[in-house]
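Note sheet for the following structure.
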Amino acid sequence: MGTKLLVVGIDALDSDQVAKYESDLPNLSQLRRECPNITLHSVCPPDSDTAWASIHTGMNPAKHGIVQYVDPLEKSTRYVSSDIDNRSIRGQTYWDIAGRSGKRVCILFPHLGYPVWSVNGIMVGRSAIKDDVTACPRSIASQYDLSEMNVVKGMLGQRKLAYITASERLLSAQSEFALQMLQQEDWDIFFVYTSVLDMIQHYFWNLCDESDPSYPGDNPFRDTIKMFYILHDQMIGGLLSTIDSDTTTIILSDHGHGMRPVQVFDVNEFLRQKGLLVQKTASVEKDISRFVDQIKNYALGIVSKYGLGTLASKMLRLMPWFRKLYTSPVSIDWEQTTAFATNLSGIKAYAYSGIVLRRDRLDVSQYEDVREALIRDLSEFIDPKSGEKLVKWIYRREDVYEGPYISKYPDIVFELRGGFGVGLTSSGSLFGKSHSHHLVPGSHKGDSAMFLLLNAKYPPCRQEMNLMDVAPTILGVLGIEHPGELDGKSIFKS
C-alpha cells in the first residue's frame with residue numbers, strides 16, 4: 001500500500017498565537033514538539049485568495065494570476081456579487097496532478113474550490129456569496145447532509161454573540177463531516193479546509209489583545225480567539241485519532257494574524273514632497289477635496305467606533321461610487337501626477353502596498369531612474385520616533401515574482417514595519433492615525449504562518465519554505481514527480 005496523506009488547511013492559524021495558547025492546545029503542542037521545526041513564509045500580498053492559489057498550484061501569484069489585496073469590508077461587498085473566478089487553477093492543483101497519477105483524492109471545501117470540478121475521487125466546494133454547497137460526484141450531496149456547511153457571511157456589526165455561535169456551529173459541522181468522510185471514503189490524499197479562525201481574528205482582535213490601543217478592558221469576548229484556537233485544536237485531535245501511524249499528516253496555514261496597524265504612513269504625502277504627486281490647486285476645488293477627506297475620516301471613525309460595518313457594507317454594495325470615494329484620494333490632480341500609492345489596502349490600514357508609476361509621463365530611462373530613487377529613498381527612510389527604518393522590505397515587482405500576470409502588481413512593492421499601515425492622503429503630514437482600526441482590528445501577517453509535518457518517510461532537507469513549496473512537497477510525500485512549471489520545490493529536496 002502506498003503512502004496516504006492527510007492535509008488540514010486552517011486559514012490564519014498563527015504560530016505566535018499557538019505558542020501563546022500552547023498550554024490549552026494539547027494536540028498542536030504535541031505536534032510542535034514532534035514535528036521538524038519548519039518556517040513557512042506566505043506570499044505577497046498575504047491575502048487568502050492569493051495564498052491558497054499558490055498553495056494549491058505551487059505557482060507564484062504572477063503565474064496563477066489570482067492577485068489582489070483584499071479589504072475585508074470590500075470583500076463582504078464583492079462576495080455579494082460574485083465568487084472568485086477559479087478557472088486559472090482548475091486542473092492545475094496538486095490534487096489534480098495526484099489524481100492523474102492514479103491517486104484517489106478527497107478534497108473538502110478548498111479555498112477557491114467553488115464551483116467544483118471533476119477529480120479522481122471526491123471534491124466538495126461552497127459559495128462565499130450564497131448558501132450553495134456542491135460536490136463532485138453529485139451523489140455525495142445525497143449521501144451526506146451538507147446543509148450546515150455554508151460560510152458565515154457579512155460584517156460583524158453589533159451581532160457579536162450570534163456571529164460566534166454561527167462560527168462555532170459551522171466549525172463543528174465541518175469537523176463532523178470531515179470525520180465521516182475520512183472514515184467512510186477511500187482516499188490516498190485527504191484535504192479539509194476551514195476559514196472560521198481568520199474571520200474571528202479579523203473581527204475580535206481588539207477585544208482579546210490587551211496590547212491593542214482599542215482594547216476596552218475586561219469584556220465578555222476577551223477569550224473568543226483563544227476559544228477558537230481550542231476548537232481547532234480539538235478538530236485536529238479528532239482527525240488524528242482516526243488515522244493510523246503510517247499516514248503522513250500536514251497541518252498548515254496560508255498566513256498568520258495579528259493586530260491591524262493603528263498608525264499610518266501617508267505614502268502619497270511622501271510622493272508629493274518628492275514632486276511626483278500633485279494636489280489640485282484651484283482654491284475652491286482644493287477646499288472641497290479637503291472637506292471630503294475630513295468627512296470620510298469622520299464617517300469611518302463613527303462606523304468603526306459604533307460597529308456599523310454591516311450598514312457600511314450595504315452602502316458600498318448599493319452605491320459603487322461611495323466605495324470609490326473612500327478608496328480613491330479626491331485631492332490628487334491625476335493629470336499632473338507621476339506616482340501614487342495604490343489603493344490596494346482599501347479602507348483598512350494594511351502594511352503591504354505599492355507604488356504605481358505612470359509610464360505615460362515617463363520615458364524608459366526616466367521610469368527606471370524614478371523607480372530606483374524611490375526604492376532607495378523609502379528603504380532609507382527613518383521613523384523619527386523610534387529611529388528605525390520604516391520600510392521592512394521594498395522591491396521592484398519583477399524582483400518579487402515572474403509571470404504573465406506581473407502587471408497586476410504595482411511597479412514598486414513594499415511592506416512597512418513597526419505597526420504602520422499605508423495611508424493615502426496628501427495633507428501635509430507624513431504620519432497619522434488609522435480611522436478604520438475598530439472596524440476590522442485583526443490583520444494578516446506574512447511571517448507567522450504554520451507548517452507541521454508528521455510521520456513523513458524522509459526528513460526534510462530545509463528548515464524554511466514558502467507557499468509555492470507546499471504542492472511539490474505534497475506530491476513528494478505521495479511519490480509523484482511534479483511538473484516543471486511549478487515554482488516551488490519539495491522540502492525533501494535541498
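Please treat every number below as a calculation from the coordinates, not as lab data. None of these values were measured; they are calculated from a predicted model. Positions of Cβ are backbone-derived with ideal geometry, glycine not excepted, and every protein chain shown enters the neighbour counts.
Before moving on, here are some points about what is shown:
- Number of the condition not met by residue 484 [criteria: (1) buried (at least 24 other Cβ atoms within 10 Å of the Cβ); (2) free of Cβ contacts under 8 Å to residues at least 12 places away in the same chain]: (1)
- Just one of the listed residues (123, 149) is free of Cβ contacts under 8 Å to residues at least 40 places away in the same chain and in contact with a Phe, Trp or Tyr (Cβ under 8 Å, 6 or more places away or on another chain), and it is 123.
- Across the stretch 191-206, the number of residues qualifying as assigned to a helix (DSSP H, G or I) and touching a Pro at 6+ places or on another chain (Cβ under 7 Å) comes to 3.
- Residue identified as in a strand (DSSP E or B) and under 30 Å from residue 455 (Cβ atoms) among 250, 243, 236, 230: 250
- Residues that are small (Gly, Ala, Ser), surrounded by fewer than 24 Cβ atoms within 10 Å (Cβ to Cβ) and within 16 Å of residue 190 (Cα to Cα) do not occur anywhere in the stretch 442-454.
- Among the residues making up the stretch 170-203, those that are of a type in the set (Asp, Glu) and more than 25 Å from the chain's Cα centre (by Cα) are 176, 185, 186, 188.
- Residue tally, condition in a helix (DSSP H, G or I), in contact with a Phe, Trp or Tyr (Cβ under 8 Å, 6 or more places away or on another chain) and within 16 Å of residue 220 (Cα to Cα), over the stretch 152-167: 3
- Filter result (of a type in the set (A, V, I, L, M) and crowded, with 23+ Cβ neighbours inside 10 Å) within the stretch 33-71: 40, 43, 51, 53, 55, 59, 66, 67
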